[in-house]
Amino acid sequence: MKDVKGKVAFITGGASGMGLGMARAFSDAGMKIMIADIEAGPAQRAVDELKARGHDAACLQVDVTNLEAMQAAAKKTVGHFGKVHVLCNNAGIAVGGKSETASMRNWHWVMDVNLWGVVHGLQAFVPLILAHGEGGHVVNTASMAGIYGVRGTGPYNASKFAVVGMTETMMAEHRKSGLGVSLLCPGVVNTNLSSSVRNRPEQYGGAVTGEKGATIGSLAAGLNPDIVGKLVLEAILDDQPYIFTDPALRNLVELRNKRLMAGYDWADKAKALEGAVQSSAVSG
Ligand SMILES: NC(=O)c1ccc[n+]([C@@H]2O[C@H](COP(=O)([O-])OP(=O)(O)OC[C@H]3O[C@@H](n4cnc5c(N)ncnc54)[C@H](O)[C@@H]3O)[C@@H](O)[C@H]2O)c1
């Protein structure tokens with residue numbers, strides 16, 4: 001998108017952290033903002049702040065794990081602002097733990113919010129964005145933990161790798177559709193993510209603090225989330241596919257690529273593949 005002034009953004013998890021940073025940056029650029037969050041109080045406070053700065057904003061209490069609720073939110077957003085141009089699938093939660101020992105309820109919670117929440121956002125909003133023909137942009141928030149297997153957070157990483165795969169597929173599919181697609185892979189950002197359990201519904205164990213191994217460490221030394229908001233706006237205007245927030249983490253991507261290539265070097269010499277006939281017909 002070359003010009004966002006007057007355009008409408010729907011931001012999940014917009015009441016806190018990076019979502020709020022996006023809401024601030026987008027509204028400063030003249031966009032109208034719909035904040036969607038499971039936490040009604042902080043969402044309303046965010047709207048009050050944006051309005052006090054002279055911006056056009058509203059909020060909806062929505063749980064991204066619920067497809068019908070997201071579809072209803074899409075309808076309400078169009079009813080309120082007329083259209084939606086930018087979708088930020090940003091709401092997320094973090095749990096700690098290894099894949100083999102994390103509690104199953106935390107496994108389900110993290111996948112329901114971080115993966116299915118993004119799927120629901122895409123299903124509810126992308127057809128609406130494509131239909132109005134004015135162009136638009138989707139920003140899916142993954143993580144560096146969706147690019148590199150960070151130790152101690154197996155279920156979280158799995159949810160973020162899924163978002164990376166889905167978003168890269170959309171990049172390939174929407175090259176000519178007028179829909180920009182970006183993947184946000186933050187490093188450490190100073191948000192409320194470490195206290196995600198505050199939003200854990202009863203069915204996944206409730207908002208029990210102090211659950212052993214279930215939370216992630218402090219993010220207090222991380223980047224200011226308002227900077228991430230400005231970075232995301234810049235990426236939308238530049239139609240930039242990959243948004244990395246910490247250039248110092250480039251080495252993780254290089255390390256992973258090196259390991260992947262070592263897998264090919266091994267396959268080149270593997271006895272079982274000698275002389276094998278293959279189609280090699282995978283298009284990117
Ligand atoms: N903070 C970091 O270091 C970091 C790093 C990489 C990726 N991320 C990702 O960034 C995204 C934003 O998180 P943040 O760090 O700003 O944390 P945050 O906790 O400050 O903000 C997340 C927001 O999502 C909302 N939310 C949680 N569950 C929800 C649900 N079911 N439905 C709707 N809203 C819900 C929360 O109420 C909160 O307002 C997440 O997807 C997270 O995984 C964060």
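Just so it is clear, none of the values below were taken in a lab; they were calculated from the coordinates. As the structure is a prediction and not an experimental result, all values here were calculated from the model. Positions of Cβ are backbone-derived with ideal geometry, glycine not excepted, and every protein chain shown enters the neighbour counts.
Listing for the model above:
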item: Where trypsin sites (Lys or Arg not before Pro) fall in DSSP loop in segment 172-238, at most 15 other Cβ within 10 Å; result: Arg175, Lys176, Lys212
item: Student exercise, the chain dipole from Lys, Arg, Asp, Glu Cβ charges, in Debye to nearest 20; result: 120
item: Rounded tilt (10° steps) of 117-132 against the dominant C-alpha axis of the chain; result: 60
item: Inter-probe distance in nm under a simple model that places probes 7 Å from Cα toward Cβ, at Glu134 and Met261; result: 4.5
item: Computed P(r) (all Cα pairs; segment 59-122; 10 Å bins; percent); result: 20, 45, 22, 10, 2
item: The chain - percent relative contact order, Cα under 8 Å, separation 6 or more; result: 20
item: ³J(HN,Hα), Karplus 6.51/-1.76/1.60, whole Hz, each residue of segment 198-210, x for Gly, Pro; result: 4, 9, 7, x, 3, 4, 9, x, x, 7, 8, 7, x
item: Paramagnetic label zone (point 7 Å from Cα along Cα-to-C-beta, Gln203; backbone N under 15 Å) in segment 91-128; result: 105-117, 120
item: Given Lys160/Lys269; Lys5/Lys75; Lys2/Lys32; Lys75/Lys230; Lys83/Lys160; Lys76/Lys230, the pairs whose alpha carbons are separated by over 25 Å; result: Lys160/Lys269; Lys75/Lys230; Lys83/Lys160; Lys76/Lys230
item: Segment 70-122: trypsin sites (Lys or Arg not before Pro) in DSSP loop, at most 13 other beta carbons within 10 Å; result: Lys98
item: Charge dipole of the chain about the Cα centre (unit charges at C-beta), most positive-ward option of Ser283, Met70, Gly136; result: Ser283
item: Debye equation applied to the C-alpha atoms of the chain, log10 I(q)/I(0) at 0.12, 0.13, 0.16 Å⁻¹; result: -0.75, -0.87, -1.26
item: Among Asn157, Ala40, Gly92 the positive-end extreme of the charge dipole of the chain (Cβ point charges); result: Asn157
item: Per-bin percent of Cα-Cα distances, segment 1-98 [10 Å]; result: 17, 52, 25, 5, 1
item: Added length on full extension, which subtracts the Cα-Cα distance from 0.36 nm per residue, Asp268 to Lys83; result: 61.4 nm
item: Gyration tensor over alpha-carbon atoms, segment 115-218, equivalent ellipsoid semi-axes in Å; result: 30, 16, 11
item: For segment 224-234, 3J(HN,Hα) per residue [Karplus equation, 6.51 cos²θ - 1.76 cosθ + 1.60, θ = phi - 60°, Hz, x = Gly/Pro]; result: 5, x, 5, 5, 5, x, 5, 5, 5, 4, 4
item: ³J(HN,Hα) computed for each position of segment 266-278 - Karplus, 6.51 cos²θ - 1.76 cosθ + 1.60, integer Hz, glycine/proline x; result: 5, 4, 4, 9, 5, 4, 4, 9, 4, x, 6, 9, 9
item: Peptides ranked, highest mean first, by Cβ atoms within 10 Å: ranges 44-51, 267-274, 180-187; result: 180-187, 44-51, 267-274
item: Listed residues Ser177, Ser194, Val208: farthest to the positive end of the dipole of segment 173-212 (Cβ charges); result: Ser177
item: Computed [θ] at 222 nm, deg cm²/dmol, the chain (DSSP H ≥ 4; -39,500 (n - 2.57); rounded to nearest 500); result: -13500 deg cm²/dmol
item: Length added when fully stretched, Gln71-Asp48, from 0.36 nm per residue minus Cα-Cα; result: 5.8 nm
